[in-house]
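First the structure, in the form of structure tokens, and then the observations on it.
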Amino acid sequence: MKRILATSILLLSIISWLPAQSAPDAPELTKLLNDFLAGAGRNDIAMHDRFWADELVYTSALGRRKGKADIMRELRDESSKSPAPAATPTPDEGTTVYTAEEIRIQQYGDTAIVAFKLVATTDKASTKTIANYFNTGTFLKRNGKWQVVAWQATALPKPDSAK
């Protein structure tokens, strides 16, 4: 009985300690996230390659699961369709700017969980639309470099304008 009690106390103390962990790499992770979001708006292939780990498991807001190879192939296919990838999009094509709000980072040594609200602002034909998502990424630090190994995106419902 004493052994069970001692084990329970030890587990409770460990569990209560975990959320109190500081995130010493929070500034670095926040910068990486913001740099990635800026690059994502331009379909920056190099930034995607830097951000995602080779063994990535990505679950999209539409419920599709894919890996880094799938993402990179989609980006390359998209860039090959554009006659001039660096060209400024026309108003009919539109542009999307991604930003992060409500960033929360929990770090456990060389592992970090980054949760945030993604705001996608699209300007197409002089009309702005905004979509919001909750995203959660699991980052691993290897060889001094943070990369995402798992990602989950959840689309937030659009506000009901009738209310």
Got at least one residue in the range 59-77 being in contact with a Leu (Cβ under 9 Å, 6 or more places away or on another chain) and among the polar types (S, T, N, Q)?
no
Restricting attention to the range 12-26, does a residue exist that is crowded, with 16+ Cβ neighbours inside 10 Å and modelled with pLDDT of 95 or more?
yes
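The values are calculated or read from the model by the stated rules, or taken from the named source; none is laboratory data. As the structure is a prediction and not an experimental result, all values here were calculated from the model. Please note: Cβ atoms are built from the backbone with ideal geometry, for glycine as well, and neighbour counts cover all protein chains shown.
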